[in-house]
Amino acid sequence: MRKCVACQQMMAKKLLIRVVRTPAEEILIDMSGKKSGRGAYLCGKAECFKLAKKAKALDRALKAQVGPDIYDRLAQEFIRVEDEFLAAAAEGDDDDGG
């Protein structure tokens, strides 16, 4: 189980999208959930992403300053991977993945 940094709801890892700060200080969406670095989890809902941006939840969770340009890039990536994420979550909805 993991917690969405925006809505604070506990969910199975497979139902959340991982955002990672890599050892090279790059911040990106990790669909595999296995990239090296500090991770933060978000629900697959656009509202949660917007709330995380407004509350700077990713800044706190990743222990790094996430600038507006990075949030904008993540927003584009989030939109791009949303369908892929929802399909994967539907396939694994009976597996807690925790």
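Summary of computed values
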quantity: Per-region count, segment 27-52, residues modelled with pLDDT under 90 and of a type in the set (K, R); calculated: 2
quantity: Verdict on C48 being in contact (Cβ under 8 Å) with a residue 40 or more places away in the chain and in a loop (DSSP other than H, G, I, E, B); calculated: no
quantity: First in segment 10-27 and among the charged types (D, E, K, R), second anywhere and in a helix (DSSP H, G or I) and at pLDDT below 90, Cβ under 9 Å, 6 or more apart; calculated: K14/A88; K14/A89; K14/E91
quantity: Residues of segment 23-36 that turn out to be closer than 20 Å to K53 by Cβ and over 13 Å from the mean Cα position of the chain (by Cα), as a count; calculated: 2
quantity: Residue check for S36: surrounded by fewer than 16 Cβ atoms within 10 Å (Cβ to Cβ) and in contact with a Ser or Thr (Cβ under 9 Å, 6 or more places away or on another chain); calculated: yes
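Per-residue answers, yes or no, for (1) in a helix (DSSP H, G or I); (2) out of contact with any strand residue (DSSP E or B) (no Cβ under 8 Å at 6 or more places or on another chain); (3) surrounded by 13 or more Cβ atoms within 10 Å (Cβ to Cβ):
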{"position": "A24", "(1), (2), (3)": "no, yes, no"}
{"position": "L28", "(1), (2), (3)": "no, no, yes"}
{"position": "S32", "(1), (2), (3)": "no, yes, no"}
{"position": "L42", "(1), (2), (3)": "no, no, yes"}
{"position": "K53", "(1), (2), (3)": "yes, yes, yes"}
{"position": "A61", "(1), (2), (3)": "yes, no, yes"}
{"position": "A64", "(1), (2), (3)": "no, no, yes"}
{"position": "L74", "(1), (2), (3)": "yes, no, yes"}
{"position": "E84", "(1), (2), (3)": "yes, yes, no"}
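The values are calculated or read from the model by the stated rules, or taken from the named source; none is laboratory data. These figures come from a predicted structure and were not determined experimentally. Note that we place each Cβ from the backbone using ideal geometry, even for glycine, and neighbour counts take in every protein chain shown.
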